[in-house]
Every structure is written in C-alpha cells, then in structure tokens.
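Undergrad: The following block contains the structure, expressed as structure tokens.
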Amino acid sequence: MARPYQKANIPGPEMGTSVSDPKVMANLLKSPDKRKVFVIGAESLTWELDGKKVADYFIEIANKLDCDVVATGHAYSYLKGKINADKLYDMSLINITGRLVDMDWTGLDGAGQYEMAFFGGHIVYYVSQTLSRIKNFSNWVKTIDLDKYSHPNARFSLPNLSEAEWKTFLEKVIELL
C-alpha cells in the first residue's frame, strides 16, 4: 500500500486501497449496475502531461463511461462542448460533497443517489477532506480518486506516481474502458 501523499493524513481504522494496475482501475470504473458521477476540478486545466491537459484525459474517461460529470471551479467552461450537455453540471466541490452524503438526494438527473463518485483535478488537501467526509458520513458511495496522489480516504486511489507514470496509467485506463 502506498503512503498517503500528505504525511499527516491519518484516516483512522478504515483506509482505502492504492490501485497500481490500470486494468484493475478500468474494471472498477466501469462497474456495471452502479450509478456514477465524475467530479472534475479546475486543477486539471493547469496540470499537463507532455503538453496535454489532464482535463482532456478525464474528458475521455467520462465520455467512455457515459456518466454524469460535475465541473468544479472554472472547469465548466472548458468541459462545455466536450461532454454531452445532458451529463455536464456546474457545482462547487463542497456542494456536491454535501449532496453525495445526503441519503435523500435524487442525483443530478433525478434518477437516484450515486453509488460511485470519481474525483480528479483537485488540490490534494481539499479533495482529501471531501473524501474523508464521504467515507465517514455515507455508506452507499464508493470513491475513486484519479489524481497522481495516494488518498487513504478514497476507497480506491492511485499510488504516488511521477508525471510519466501517471500519463501511462491514464492512457492505459482509457484504452481498457
């Protein structure tokens, strides 16, 4: 298991798993019969892997999964037109976190609460708190973080990766979806 990216991130008795095999991650992402939402943050617009924005990798993943997408921060304007308009929503990370832990929330499309939430493109300490809240205040939402950092509060995250390793990992996941 990878060490948390943040040394002081001590998650308590329940810790997530680091997934180092892209095939396993792809299988998790495409889990059948699970309502999914992908929360894409604005940091994905500033992070680049060999000249390609990380947001573009996340767009490919979201389109292959055909899941609802929440754009946080100013990511919405970049994602608009690249993701089906019926699937794209603009909301703050705090707002979507609060809704995901609300058992009575019927989802962005009114079809029911989500069972899986994917995160990517967020500041590491900010999303860590989001993942902690979802882990501790819901038992119906499984979380996956696709950033290059190990997040012990996510049910599944990547191990701490170099940019080259992260690029290879994301490309392989997209290929396998």
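Taken together, the values in this text are just the output of simple stated rules run on the coordinates, not laboratory data. Owing to the predicted nature of the structure, the values given are computational and were not obtained by experimental measurement. Don't worry about glycine lacking a Cβ; one is built from the backbone with ideal geometry, like all the others, and counts go over all protein chains shown.
Undergrad: Under a point spin-label approximation (7 Å from Cα along Cα-to-Cβ), what is the Asn27-Glu115 distance to one decimal in nm?
TA: 1.7
Undergrad: Using only DSSP helix segments of four residues or longer, with each worth -39500 (n - 2.57), what per-residue ellipticity at 222 nm results for the chain after dividing by its residue count and rounding to 500?
TA: It comes out at -10500 deg cm²/dmol, rounded to the nearest 500.
Undergrad: Let me ask something else. For the stretch 100-177, count the residues as N, evaluate 2.2 N^0.38 Å, and divide the Cα radius of gyration by that value, please.
TA: Taking N as the residue count of the stretch 100-177, the ratio is 1.20.
Undergrad: Another one. Taking 7 Å along the Cα-to-C-beta vector as the label spot, tell me the Asp104-Lys34 distance in nanometres, rounded to one decimal.
TA: 2.8
Undergrad: So for the stretch 19-176: antiparallel DSSP bridges make up what percent, rounded to the nearest 5?
TA: That works out to approximately 10 percent antiparallel.
Undergrad: Which ³J(HN,Hα) values, rounded to whole Hz and listed in residue order, are derived for the stretch 166-177 from phi using the Karplus coefficients 6.51, -1.76 and 1.60 in 6.51 cos²θ - 1.76 cosθ + 1.60 with θ = phi - 60°, glycine and proline given as x?
TA: In residue order, the calculated couplings are 5, 4, 4, 4, 5, 4, 5, 4, 4, 4, 7, 6 Hz.
Undergrad: When the Kirkwood hydrodynamic radius is evaluated over all pairs of different C-alpha atoms of the chain, what value in angstrom, to one decimal, is obtained?
TA: 16.0
Undergrad: If I stretch the segment between Asn95 and Asn136 completely, what's the gain in nm (0.36 nm per residue apart, minus their alpha carbon distance), one decimal?
TA: Net length gain for the segment: 13.1 nm.
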